[in-house]
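To keep things clear, I will list the structure first and then write my remarks on it.
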Ligand SMILES: Nc1ncnc2c1ncn2[C@@H]1O[C@H](COP(=O)(O)OP(=O)(O)OP(=O)(O)O)[C@@H](O)[C@H]1O
Ligand SMILES: [Mg+2]
């Protein structure tokens, strides 16, 4: 089933139209926390309807990068274009930003659902305010989003009644409610055991394929990176030390840092 929203319709159209300009284009972004330069002149593209897997050591700047793209952390300098529109200019968000931001969803490792709300309320809380949809539409969209992640039947459940994998699938469904064109996922499977993590990541692969949603995913799951990533990005001390195909990345011999990292996490 497809989520029939305008943003995903745009995504699907992008693919059919064979757009090859990136959905997100980041150039020369810098971010310092105190004396630490956490993003050091970062330039990258997130391509339409692709999964980009971001890897790198703890503290290398992966979460900061996703947070800057999502608008949760301000950059000090640099530019960002979203769907061809300039949304960040010299570290300042432009007028085009609010439109773009409403089609960017971000999901985190934990604390993703509001514990006191049931699944339906978790899903409908933001769109009720942002889109001002009525009750019927909210429920219909929630049912559709839950169906999309294989969680129909859990609409009245409370988060504590769900397993970790189910919670993350509901978190993805909640992001789908906001009609995302881009999903940013920060270690969303790191608290899950491997089969459950594989299931959650499988949901993302299906969303890319069926809805044309672009996905940027920070993970230590090299098996998923090798199998499902269209592009691999390796962060090292605030810089992108490698960006290219997973096949090239995993067989990299020239980039010593990447080689060491991949060897260390390979099982
Ligand atoms: N709000 C903040 N204030 C101060 N320092 C911060 C802040 N957020 C991140 N940092 C610092 O920036 C650096 C990069 O952090 P970031 O969370 O982006 O790394 P990461 O690659 O996601 O690491 P991990 O794999 O552990 O999640 C770290 O040294 C961190 O301590
Ligand atoms: Mg992180």
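The values are calculated or read from the model by the stated rules, or taken from the named source; none is laboratory data. Computed from a prediction, not measured in an experiment: that's the story for all the values here. Cβ: placed from backbone, ideal geometry, glycine included. Neighbour counts: every protein chain shown.
Remarks
- Residue check for residue 72: within 30 Å of residue 160 (Cα to Cα), within 11 Å of ligand 1 (Cβ to nearest atom) and not in a strand (DSSP E or B): yes
- Hits in the range 53-71 - residues which are buried (at least 23 other Cβ atoms within 10 Å of the Cβ) and either more than 10 Å from ligand 2 (Cβ to nearest atom) or without any contact (Cβ under 8 Å) to a residue 12 or more places away in the chain (or both): 53, 55, 68, 69
- Taken across the range 207-215, residues that are part of a helix (DSSP H, G or I), without any contact (Cβ under 8 Å) to a residue 24 or more places away in the chain and within 18 Å of residue 46 (Cα to Cα) do occur, with at least one present.
- Residues satisfying the stated conditions in the range 177-198, i.e. surrounded by 17 or more Cβ atoms within 10 Å (Cβ to Cβ), free of Cβ contacts under 8 Å to residues at least 40 places away in the same chain and assigned to a helix (DSSP H, G or I): 196, 197, 198
- For residue 152, the criteria (1) more than 15 Å from the chain's Cα centre (by Cα); (2) within 16 Å of ligand 1 (Cβ to nearest atom); (3) surrounded by fewer than 19 Cβ atoms within 10 Å (Cβ to Cβ) hold in every case but one, which is (2).
- Taking first residues from the range 136-150 that are under 20 Å from residue 203 (Cα atoms) and partners that are at pLDDT 95 or above and part of a helix (DSSP H, G or I), the Cβ contacts under 6 Å between residues at least 6 apart in sequence or on separate chains come to 142/120; 142/123; 142/124.
- Residue list for the range 222-237, restricted to those being buried (at least 22 other Cβ atoms within 10 Å of the Cβ) and in a loop (DSSP other than H, G, I, E, B): 229
- Residue in the range 90-112 that is more than 14 Å from the chain's Cα centre (by Cα), more than 16 Å from ligand 2 (Cβ to nearest atom) and under 27 Å from residue 261 (Cβ atoms) present: no
- Across the range 51-67, the qualifying residues are those that are in a strand (DSSP E or B) and either at pLDDT below 95 or in contact with a helix residue (DSSP H, G or I) (Cβ under 8 Å, 6 or more places away or on another chain) (or both), and the one among them that is farthest from ligand 1 (Cβ to nearest atom) is 51.
- When we screen 191, 173, 225 for residues that are at pLDDT below 90 and over 20 Å from residue 67 (Cβ atoms), the only hit is 225.
- For residue 77, the conditions (1) more than 16 Å from ligand 1 (Cβ to nearest atom); (2) free of Cβ contacts under 8 Å to residues at least 12 places away in the same chain all hold with the exception of (2).
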